[in-house]
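Nothing in this text is a laboratory measurement; each read-out follows from the coordinates by a stated rule. The shown structure was predicted, so the numbers you read here are calculated from the model rather than taken from an experiment. Here the Cβ positions follow ideal geometry from the backbone for every residue, glycine too, while neighbour counts run over all protein chains shown.
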Amino acid sequence: RTIMLTTLKSRAISALAFTKTTPTLVSLQSKLSIPQTIANHRHHIPCQHCSRSFSTTKTQLFSSSDADSSSNSVYPPPPSTFSYSTNEWHQRCKLAVSYRIACMESWDEVIFNHITTKVQDSEKEKDGPHFLINNFGMGFDEVTASSLVKVTLSGEQVFPPSSAAKVPKGRVFGAGYVLHSAIHATRHDVDSIWHCHSLDATALSQTTFGVLPLSQEAAFALGKGISYHPFEGTANDASEQPRIISNLGPTNKILMLEDHGPLVACTSIEEAYATMYFLTRACTYQMKALSAVGGDLDKIHMPKEQIVDQMLNRIDKLGDVPGQDQEDVQQSVDDEDEEKYDIEKLMFDYAKRSAERKYGAHDIYR
């Protein structure tokens, strides 16, 4: 039990992501006395050191949508004065409703926290890539498609080349810029980043044991690959960016900022929402369980390693369509055309409909 709890908090990062100040896996194992067989277990050191990556396998549970997908329902046309591309308008609508969804989940903290998405094809621009971020000073429940600010990796606002109506200058919060620009600049697989101060996940980030595999939701989160970043104060100093990137690593999609809160960096808004949902739900379960037993970990049901293995393996199959003949399924796998439910998209579409009912589509998509 002691070994398992210790190894769950391993910060081992792929050699591709190491800096001179980052401990190697060997030195980390030596320091923590982690047996080699446990250290290489995929939920202790997710993604980089395991035999298969749950974030890239084609039979993964979550079949992520493309960044420019309009998700299930058509967004209204942009205002006549809007001079950006139609694709960007759709991205703005999807990001705006994401803020409303996060507010409904109580993941927001007044005017702080950020959800960003990389503007499609902006890497082709001279000063690209660009990303969309909330206008600092607006609450999550106030964000609209047109209020989002488009910025460069250096934090400068990008204005349209020509406009019938002048686009107002927005406000970019330093801490949000430092975190999000660092990841958008270096993780080219990432299209959407969510950093929120949800209560239980932030509280859990203050513990030494981190996220434990106590629930199905925790397994979903751990399957995305989880890293930890030591607290350095408010994240508004650009000198911290290399360490943020190093600790996140080249493939992990969750970064627990210690004493600060959770961050997810995913290939789409849909995947980012689902990942944040399962992570925050897992943290809530864990915090409530710990509270119920007075913080005594010996009174917590800790799944055995083989059960954790099974939980992670079953993630791949959860999106399978029932009733398929096994021979047909194998043929589909061979043809790389296996039919699966896109659970992340279905989750986001439901949350999107809920937000539209609560706030009104006319208020979000303007």
Self-check item: Flagged links, alpha-carbon separation over 21 Å, of K124/K166; K304/K345; K118/K253; K124/K169
Solution: K124/K166; K304/K345; K124/K169
Quiz item: Hey, what do the phi angles of the range 318-323 turn into as Karplus ³J(HN,Hα) couplings, whole Hz, using 6.51/-1.76/1.60 and θ = phi - 60°, x for Gly and Pro?
Solution: 5, x, 5, 7, x, x
Quiz prompt | For the range 135-205 versus the range 89-109, the gap between their alpha-carbon centres in whole angstrom | solution = 12
Quiz item: Where the only charges are on Cβ atoms (+1 Lys, Arg; -1 Asp, Glu), what is the dipole of the range 183-330 about its Cα centre, to the nearest 20 debye?
Solution: 340
Exercise. Filter the trypsin sites (Lys or Arg not before Pro) in the range 125-226 to those in DSSP coil with at most 14 other Cβ atoms within 10 Å of their Cβ, and list the result.
Key: K126, K166, K169, R171
Self-check item: Burial ranking of peptide ranges 291-304, 347-360 (average Cβ count within 10 Å, highest at the top)
Solution: 347-360, 291-304
Self-check item: Magnitude of the charge dipole, the range 219-271, Cβ model with Lys/Arg +1 and Asp/Glu -1, debye to 20
Solution: 220
